[in-house]
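Colleague: Handing you a structure now.
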Amino acid sequence: DTIRELAKVEAVKAVKDAKGDLFEATRLQSETDLLWFSGEDELNLAHLAQGASGVVSVVGHLAGNQYREMIDAIDSGNLSQARDIHRRLVPLVDAIMHTSQGAIQVKAALKMQGVIESDHLRMPLLQGPSSHKDRISAALEAAGL
């Protein structure tokens with residue numbers, strides 16, 4: 001109901017959806033003219049396949065080019081290519097989003113890739129154990145990153 005009311009506000013143009021209810025997302029997309037963005041890396045492909053405009057992604061800090069390719073594939077009607085990209089990213093999404101808090105994991109991965117110099121975190125976030133970094137490293141390799 002809140003989204004339906006917000007859709008009536010001229011300044012509100014889009015929704016970042018991270019609630020995990022694909023059917024409700026579809027219903028709201030059909031009832032409003034809001035742009036839809038997947039806010040849940042696990043569901044990016046599903047949201048895009050049902051009409052989302054893009055993604056707001058933690059894993060996108062590492063795989064931005066791959067998500068761009070996935071969006072382009074969907075937009076051109078190539079679901080098979082989009083699905084292949086999604087499946088290549090599954091180990092990375094799993095390592096980043098299901099091992100610990102996403103910001104902790106993505107910062108560690110960015111350091112591993114040499115994108116940032118430090119993976120220092122501010123409280124209340126704490127570094128994960130070395131086993132988390134091992135999992136991230138393996139996932140980056142599996143994703144071709």
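The values are calculated or read from the model by the stated rules, or taken from the named source; none is laboratory data. Predicted model only: the values in this text are computed from it and were never measured. Here Cβ is always computed from backbone atoms with ideal geometry, including for glycine, and neighbour counts include all displayed protein chains. The accessibility values were calculated without ligands, DNA or RNA, using every heavy atom of the protein model including side chains. Shrake-Rupley method; radii C 1.70, N 1.55, O 1.52, S 1.80 Å.
Colleague: Could you grab me the full set of residues in region 103-128 that are open to solvent by 70 Å² or more (accessible area, probe 1.4 Å) and more than 20 Å from the chain's Cα centre (by Cα)? I'd like the intermediate steps shown before the answer.
Modeller: Within region 103-128, the first condition is being open to solvent by 70 Å² or more (accessible area, probe 1.4 Å), and the residues that meet it are 111-112, 115, 117, 120, 122-124, 126-127.
Glu117, His120, Arg122, Met123, Pro124, Leu126, Gln127 - these are the residues of region 103-128 that are open to solvent by 70 Å² or more (accessible area, probe 1.4 Å) and more than 20 Å from the chain's Cα centre (by Cα).
Colleague: Does Ala18 qualify as being in contact with a Ser or Thr (Cβ under 9 Å, 6 or more places away or on another chain) and within 22 Å of Ala142 (Cα to Cα)? Even if it seems obvious, please write down each step before you answer.
Modeller: On the way: in contact with a Ser or Thr (Cβ under 9 Å, 6 or more places away or on another chain): yes; within 22 Å of Ala142 (Cα to Cα): no.
Against the criterion (in contact with a Ser or Thr (Cβ under 9 Å, 6 or more places away or on another chain) and within 22 Å of Ala142 (Cα to Cα)), Ala18 does not qualify.
Colleague: Within region 98-114, which residues are in contact (Cβ under 8 Å) with a residue 24 or more places away in the chain and not hydroxyl-bearing (Ser, Thr, Tyr)? Don't jump to the end; show me each part of the working.
Modeller: Just the residues of region 98-114 that are in contact (Cβ under 8 Å) with a residue 24 or more places away in the chain, to begin with: 99-106, 108-110, 112-113.
Within region 98-114, Gln101, Gly102, Ala103, Ile104, Gln105, Val106, Ala108, Ala109, Leu110, Met112, Gln113 meet the criteria.
Colleague: Then there is this: Between Leu145, Leu92, which is part of a helix (DSSP H, G or I) and touching a residue at least 40 places away in the same chain (Cβ under 8 Å)?
Modeller: On the way: Leu145 fails: part of a helix (DSSP H, G or I).
Answer to the selection: Leu92.
Colleague: Taking region 108-139 as the region of interest, how many residues are assigned to a loop (DSSP other than H, G, I, E, B) and within 19 Å of His98 (Cα to Cα)? Reasoning before the result, please.
Modeller: Initial filter on region 108-139 (assigned to a loop (DSSP other than H, G, I, E, B)): 113-129.
From what is left, the residues that are within 19 Å of His98 (Cα to Cα) are 119, 121, 124-129.
Final tally of qualifying residues: 8.
Colleague: Could I ask something else about it? Only one of these conditions is not met by Ser100: (1) in a helix (DSSP H, G or I); (2) open to solvent by 20 Å² or more (accessible area, probe 1.4 Å); (3) closer than 21 Å to Ala139 by Cβ. Which number is it?
Modeller: (1)
Colleague: To continue, here is another question. If a residue has to be assigned to a loop (DSSP other than H, G, I, E, B), surrounded by fewer than 19 Cβ atoms within 10 Å (Cβ to Cβ) and charged (D, E, K, R) to count, how many in region 1-60 make the cut?
Modeller: 7
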